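One structure is given here, and the rest of the page talks about it.
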Amino acid sequence: MAVKHDTLGTNVIPKRYFVEFDTSLKTFKFGGKEKIEVAVSEPTYRIELNAAELTIKEAIVESRGVAQKATVSLDKKNERAILRIKSKVRGDVTISLCFAGVNNDKMYGFYKSKYLAGGKVCYLLSTQFEPADARHAFPCFDEPAFKAKFDVSVVADAGLECVSNMPIRNEELLKRGRKRISFFTTPRMSTYLVYLGVGDFDRVEGKLGKLKISVLTTKGKKNLAVLALDYAKKFVKHHENYFGIKYALPKLDLLAIPDFAAGAMENWGAITFRETDILGDEGSAVASKQGIAITIAHELAHQWFGDLVTMEWWDDLWLNESFATYMSYKAIQAVIPEWDMMTQYLNDEVGGALGADQLKSTQPISTRVNDPEEMNEAFNPEITYAKGGAVLEMIEDYVGSRVFRNGLHEFLNAHKFGNATKYDLWRSIDDASEKAGKRTLVEKMAAKWIEKPGYPVVVVSRSEKGFALRQNRFCISAEDKASSDWHIPVHYITDRKSEGKFLMAGSTHSINSADVAEAEWVKLNIGQKGFYRIRYESEMLDKLGEAIRDGRLSSIDAWGIEGDLFSFVRSGRFVVDDYLRFVRKYCFDCGYPADSRILAHLGWLHNMLYNTPLVDSAREPLVSYSRGLLKRLGVERKRGEKNECALLRSSALLNL
């Protein structure tokens, strides 16, 4: 059954906006006029659209050559303007509006941003419309499913630069040192992706084929934009190749905005960034350059997932953010392989998501959103972004990389310039799987992971013929004893090198075969592609520890085993001394990313026990582990060393 949301309804559908802003960097007030071409399905006296913190001076509704002046009432609580006319209209209708507003300093809607240049206080104007703040700049149908074309123009001081989603079509000089800039018509897009910026910008430019790419900064900072331009060109090229669809617009601008609430915003063709998330140079620290690369790759992925294809409603916000999160790391891995970002992805995203999602208070990836007040609550970095990305990685591992990519191609091509839901995505991947001769049923498998909070722990024990598995939800506060029914893709290996994959669709499962029956241990979730924890019986845990110490299991698998143990310690299911014994005996210097995670966990234990008699029992292994790493790495950076060495050295030095 379809979920009902508090929306404008579908009787009036926008097709095209013609909107002009008259701006001032002196008064910080703006005027506007617009025409909205709409299609009206059923005859009506009443047209409702979104408007907030705006004064609507006049409204005219025209149909079949007859213009009617509308009365306007504002519903401030629901941020809506209701237009009423005397004679009903139907079919093709044009709404003409004159309006006015104020450029606020709250970093939403059409706002002013303050900065220093040459010792002087300066301002620029910029917009931030996600999730539902286009209505603060112009009256509109401010919901993601109401895609339309936009013809944007702006009146500004002649010496300022104006930026929007599309290139400039025309520039007209006016009286009193003013000008009117008109931009080309956009493709069909959602209101929250519309952009307008006015200011005294510097820019660096480059080209990728015929595509013009620019990075804009405030005066005196363009030397810090060259690195971002290089990343942007490389990531656009990667995304075009991976998604199988060319970037859809004729230009791409990336703007560094001094006052910016988020890290960045994926406005189509005019991406905005917090300055610290885009400005840097080759001399910047590796961690800083990685942060810039991740943010740029993330926002560029949105130009396909989010902009070209947009979720139908905010319930599926994860469809935008999870893909952008996962694809940003995949892009950097392909473009800058020496950073080994897919391994770092475990620490940066998957580890954080596992930590947040083990709380009883966690939320599902896909959450119900009824109105604008609930929209911001849906922006949960650890769940919407990180867990969503981890689940996508799990799905890719389950269906195979080629099927996954072909499914994305099918999804994007089927819904480009339109809207889609998670069900459309699952069907596209299942169709690609069927064409490859497989039967994966992703829609059924993915439903629990997307719509249900939390994740399972799989308990592994010996059985007469192999190994017995059972699953239940894992919570850090209290384990849910009730059986659970996540569809868990399991990839395992044993000490006898027998390997297998299966989907654990019920609360229990058995791994039985002649090879497995003779094995001393089984390691589930090889490569840590699955989003779940594993609890082994103590005898098997020691055997796995020996495999870590002897190098038969990778550092990534050590990362998973140690991380699960630490969560069991925090939840009271495993003794601290036994955890420390395991780390000392089996995990010492077992490589990145496990070393990084172990340092973090030992540091957490030390901080928790700091004012107790047990502090020394936590301090000693932390210092010992750190010194051991520094003995191998050295305290000074070496030419040509891997990036992970610098990250580990920094963490180890902080613990001494």
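Just the residues that are part of a strand (DSSP E or B) and either in contact with an Asp or Glu (Cβ under 7 Å, 6 or more places away or on another chain) or farther than 14 Å from ASP22 by Cβ (or both), please, taken from segment 165-194.
Matches in segment 165-194: ILE168, ARG169, ASN170, GLU171, LEU173, ARG178, LYS179, ARG180, ILE181, PHE183, MET189.
Here are the criteria: (1) on the phi < 0 side of the Ramachandran plot; (2) modelled with pLDDT of 95 or more; (3) of a type in the set (D, E, K, R). Tell me which single one GLU79 does not satisfy.
Going through the list (1) on the phi < 0 side of the Ramachandran plot; (2) modelled with pLDDT of 95 or more; (3) of a type in the set (D, E, K, R), GLU79 breaks only (1).
For SER463, work out the one condition from (1) modelled with pLDDT of 95 or more; (2) within 25 Å of LYS543 (Cα to Cα) it doesn't fulfil.
Looking at each condition in turn, SER463 falls short on (1).
Let me confirm something: among ALA517, ALA432, which residue is buried (at least 21 other Cβ atoms within 10 Å of the Cβ), hydrophobic (A, V, I, L, M, F, W, C) and either in contact with a Lys or Arg (Cβ under 6 Å, 6 or more places away or on another chain) or within 30 Å of PHE146 (Cα to Cα) (or both)?
Selected residue: ALA432, the only one of ALA517, ALA432 that is buried (at least 21 other Cβ atoms within 10 Å of the Cβ), hydrophobic (A, V, I, L, M, F, W, C) and either in contact with a Lys or Arg (Cβ under 6 Å, 6 or more places away or on another chain) or within 30 Å of PHE146 (Cα to Cα) (or both).
Taking GLY603 as meeting all but one of (1) surrounded by 15 or more Cβ atoms within 10 Å (Cβ to Cβ); (2) under 34 Å from the mean Cα position of the chain (by Cα); (3) without any contact (Cβ under 8 Å) to a residue 40 or more places away in the chain; (4) part of a helix (DSSP H, G or I), write down the number of the exception.
(3)
Could you check LEU74 against (1) in contact (Cβ under 8 Å) with a residue 60 or more places away in the chain; (2) part of a strand (DSSP E or B) and say which number it fails?
Failing condition for LEU74: (1).
What's the total number of residues in segment 321-344 that are free of Cβ contacts under 8 Å to residues at least 24 places away in the same chain and either buried (at least 24 other Cβ atoms within 10 Å of the Cβ) or touching a Lys or Arg at 6+ places or on another chain (Cβ under 8 Å) (or both)?
Residues flagged as free of Cβ contacts under 8 Å to residues at least 24 places away in the same chain and either buried (at least 24 other Cβ atoms within 10 Å of the Cβ) or touching a Lys or Arg at 6+ places or on another chain (Cβ under 8 Å) (or both) within segment 321-344 amount to 1.
Can you tell me which residue among GLY527, GLY506 is touching a residue at least 12 places away in the same chain (Cβ under 8 Å) and more than 22 Å from LEU565 (Cβ to Cβ)?
Answer to the check: GLY506.
Look at GLU62 and say whether it is farther than 19 Å from GLU79 by Cα and among the acidic types (Asp, Glu).
Yes; evaluated as a whole, the condition is true for this residue.
How many of the residues making up segment 128-150 are touching a Lys or Arg at 6+ places or on another chain (Cβ under 8 Å), surrounded by fewer than 24 Cβ atoms within 10 Å (Cβ to Cβ) and either of a type outside the set (A, V, I, L, M, F, W, C) or outside the structural domain of ASP105 (by TED's automatic domain parsing) (or both)?
Final tally of qualifying residues: 2.
Which residue out of ARG462, ARG470 is of a type in the set (Lys, Arg) and within 19 Å of GLY545 (Cβ to Cβ)?
After applying the criteria, what remains is ARG462.
The values are calculated or read from the model by the stated rules, or taken from the named source; none is laboratory data. Quick caveat, the model's predicted, so the values are computed rather than measured. Cβ sites come from the backbone with ideal geometry, for glycine too, and all protein chains shown count toward neighbours.
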